[in-house]
Amino acid sequence: METLQISSIILEAMIIIIALTIALGKKKLYGLGFALTFAIYVYYDLAKFLEWQTLPSLLPILFFIATLSAMLSMIGLLRKS
């Protein structure tokens, strides 16, 4: 199960790179939203996996910000199509 979790974190990091490429290379704002979303996912997953000490309310707030960022990015994609 540990291998699956590490693989997921690596894939999330790869998504950040792709999203930043879209944002910076193609000048698409929704790329930044997806980069933010997956950066938060990486932090969230690493915090759980490595058992980092965090404020009890921090992770749910970050997860909400990630969800909101993904939603706004999806709206941006919808407007482009």
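The values are calculated or read from the model by the stated rules, or taken from the named source; none is laboratory data. Just so it is clear, the model here is predicted, and its values are computed rather than measured. In this analysis, Cβ positions are derived from the backbone assuming ideal geometry, glycine residues included, and neighbour counts consider all displayed protein chains.
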Exercise for the section: Determine whether segment 31-45 contains at least one residue that is farther than 23 Å from L58 by Cβ and buried (at least 17 other Cβ atoms within 10 Å of the Cβ). Expected result: yes
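Within segment 50-57, is even one residue part of a helix (DSSP H, G or I) and polar (S, T, N, Q)?
Start the filter on segment 50-57 by keeping residues that are part of a helix (DSSP H, G or I), which leaves none.
No, segment 50-57 contains no residue that is part of a helix (DSSP H, G or I) and polar (S, T, N, Q).
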Problem - Residue satisfying condition, being in contact with a Phe, Trp or Tyr (Cβ under 8 Å, 6 or more places away or on another chain), among the β-branched types (V, I, T), more than 24 Å from T3 (Cβ to Cβ) and in a helix (DSSP H, G or I), within set I61, I22, I40 - result: I22
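Identify the residue in segment 14-59 that is of a type outside the set (V, I, T) and in contact with a Ser or Thr (Cβ under 7 Å, 6 or more places away or on another chain) and, among all such residues, is farthest from G76 (Cα to Cα).
Step one: filter segment 14-59 for residues of a type outside the set (V, I, T), giving 14, 19-20, 23-36, 38-39, 41, 43-53, 55-59.
After this cut, where a residue has to be in contact with a Ser or Thr (Cβ under 7 Å, 6 or more places away or on another chain) as well, the list is 30, 33-34, 36, 45, 47.
Details: Y30: 6, G33: 9, F34: 11, L36: 15, D45: 26, A47: 30 Å.
Checked segment 14-59; the qualifying residue farthest from G76 (Cα to Cα) is A47.
Please tell me if S7 is small (G, A, S) and loosely packed, with under 11 Cβ neighbours inside 10 Å. So that I can check it myself, show each step before the final result.
On the way: small (G, A, S): yes; loosely packed, with under 11 Cβ neighbours inside 10 Å: yes.
In short, yes.
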Problem - Among the candidates L20, L68, L29, residue that is of a type in the set (A, V, I, L, M), modelled with pLDDT of 95 or more, in contact with a Gly (Cβ under 7 Å, 6 or more places away or on another chain) and within 29 Å of S81 (Cα to Cα) - result: L20
Practice task
Scan segment 43-58 for residues that are closer than 23 Å to T3 by Cβ and aliphatic (A, V, I, L, M) and jot them down.
Solution key: L46, A47, L50
